[in-house]
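One structure below.
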Amino acid sequence: MPNLTLWRSLFLERLHEASRHAEKYPLDEILARLEGGENICDVASDAGLVPDADEDEHLRRDWYGYGEPDGRSRFWPDWDVEGITREAYIRALRCMLELKVPVTGYWISGIDEFAVPILPSPSQITMVMLTPTPRMELGERAEGLEIVRSFGGRTYVDPGVFKG
């Protein structure tokens, strides 16, 4: 059984908030800039989707490898994190703008690949960031979040949920 961890992502929470209040955020501009290949963190920061300088630095270095000598993600150096997430954000934003419903995102680590399913429905667009376990641990336990699991005929609650 894989050791999965559900993470809370400040960036995904901000994207959700922006999609719920589209009149306050330049979502068409965000989409156009992402489609044009601009730096994901610059686009997100300019649009107010990154809450503070610490989160900006974390996204740039740990997720995308901006500023790293080899230009690779510190969490997943073997994966094209920028290419995968850029395409996922573009597709989620296109669906959101077309269907006029919010985007909700989750991040689950412990998977053998880096992938982002996009699941549109009449009430929301769901993005699920599926990633290998990050090469570095960060975050703290998030209050009220739990995973119910079953293993070996026993059902239990795993409080191993973090916010990052």
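Throughout, read-outs are computed from the coordinates displayed, never taken from laboratory work. If you're wondering where the values come from, they're calculated on a predicted model, not measured in any experiment. All Cβ positions, glycine included, derive from the backbone under ideal geometry; neighbour counts span all protein chains shown.
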task: Give, to the nearest whole percent, the P(r) tail of segment 24-133 beyond 25 angstrom, counting all Cα pairs.
output: 18
query: If packing is taken as the mean number of other Cβ atoms within 10 Å per residue, what is the order of 73-85, 46-58, highest first?
result: 73-85, 46-58
